1. If we count every other residue with Cβ under 9 angstrom of GLU14's Cβ, Lys/Arg +1 and Asp/Glu -1, where does the sum land?
2. If you take every residue apart from ASN48 with its C-beta less than 12 Å away from the C-beta of ASN48, what net charge results, scoring Lys and Arg +1 and Asp and Glu -1?
3. Fewest first, what order do ILE82, ILE54 take by the number of other Cβ atoms within 10 Å?
4. So for SER64, SER27, SER51, fewest C-beta neighbours within 10 Å to most, what's the order?
5. DSSP loop (so not H, G, I, E, B), at most 14 other Cβ within 10 Å: list which trypsin sites (Lys or Arg not before Pro) in the range 29-74 pass both filters.
6. Tally Lys and Arg at +1 and Asp and Glu at -1 over the other residues with C-beta under 10 Å from the C-beta of TYR77: what net charge comes out?
7. Going Cα to Cα from LYS29, which lysines come in below 22 Å? Please leave out same-chain ones fewer than 8 positions away.
8. How about the range 33-95: which GluC sites (Glu not before Pro) there lie in a loop by DSSP and see at most 10 other Cβ atoms within 10 Å?
Amino acid sequence: MNIQGKYLKVWKKEEKNGFTKLDLGDSKKQKDGTYVNWTWFGCTLFGNAKSVDIIEGDVVEVKSGLISQRKYNEKYYNDIVIFEIEVMQKGENNSQREDRIVSGDKFENDIPF
């Protein structure tokens, strides 16, 4: 089955056995205004998607991909491959977040009590 999806959050990026795999967060708005959230685990990048610079925290749009099921040890698993992907909003990688963390020592003299 062909897939497309907008506004997917990259929760995890992993390089494994020569492949790039992403865990992508998705959500669906319900009639009552709440959202149901889930994660697509282990989405593998192929083709043009392999050359896109993606980091954890990015918001992406899957332009082209396939989803299939396979049976292993009497259980069914989803296999998701992505051929075309676009970064819609850049996230912050871990080192960028750590640069903004301020030690409590810097505030010690500024506390009025």
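Read-outs: derived from the displayed coordinates by stated rules, not from any lab. Remember, it's a predicted structure, so these values are computed and weren't measured experimentally. FYI the Cβ positions are ideal-geometry reconstructions off the backbone, even for glycines, and counts take in every protein chain you see.
1. Working: positive: LYS12, LYS13, LYS16, LYS21; negative: GLU15, ASP23.
Once all neighbours under 9 Å are counted, the net charge is +2.
2. Working: positive: LYS50, LYS63; negative: GLU84, GLU86.
Computed value for this residue: 0.
3. Working: ILE82 29, ILE54 19.
In order of increasing Cβ crowding within 10 Å: ILE54, ILE82.
4. Values: SER64 16, SER27 13, SER51 8.
With the fewest neighbours first, SER64, SER27, SER51 line up as SER51, SER27, SER64.
5. Within the range 29-74, the qualifying trypsin sites (Lys or Arg not before Pro) (loop, at most 14 other Cβ atoms within 10 Å) are LYS31.
6. Details: positive: ARG70, LYS71, LYS75; negative: ASP79.
Surrounding charge for TYR77 is +2.
7. Hits, sequence-local ones excluded: LYS6, LYS9, LYS63.
8. Numbers: sites: GLU56, GLU61, GLU74, GLU84, GLU86, GLU92; in loops: GLU56, GLU74, GLU92.
Here the sparse-neighbourhood loop sites are GLU74.
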